[in-house]
Amino acid sequence: MEAQQLQTDKINIINWINQLQDNSLIEQIKSMMVSDVCLLSNEQKNAIDEALKSIEKEGITPHNSVMEETKKRFPHLYNR
């Protein structure tokens, strides 16, 4: 994102917040300011935890190996 667009977005957000009348929404914004908000769902968090456990247990497959296997299985995706 360009610096100018970032500044524009921030100003728009500030203006939007300034117009808010919903106390619960303002409380949610305040809580985001003081905590590390995780935007992942519990399902996503669990999937990441499972993947990390799998890596610890079974190791990882190098990217090049995965790409070679993908090209073998799906050659039509690489011949465009």
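A straight chain from K10 to S41 at 0.36 nm per residue would run longer than the Cα-Cα distance by 8.6 nm. Cα-based radius of gyration for region 1-48, normalised by 2.2 N^0.38 Å, reads 1.52.
Its DSSP H runs of at least 4 residues, each contributing -39,500 (n - 2.57), put the calculated 222 nm mean residue ellipticity of the chain at -23000 deg cm²/dmol, to the nearest 500. Measuring spread by the Cα atoms of the chain yields a radius of gyration and Dmax of 22.0, 58 Å. Note on the chain: Lys pairs 8 or more places apart or on different chains, Cα atoms under 25 Å apart, count 4.
Length gained on full extension, M33 to I17: 4.4 nm, using 0.36 nm per residue less the C-alpha separation.
All of the numbers you see were taken from the coordinates with simple rules; none came from a lab. Because the structure is a prediction, the values reported are computed rather than measured.
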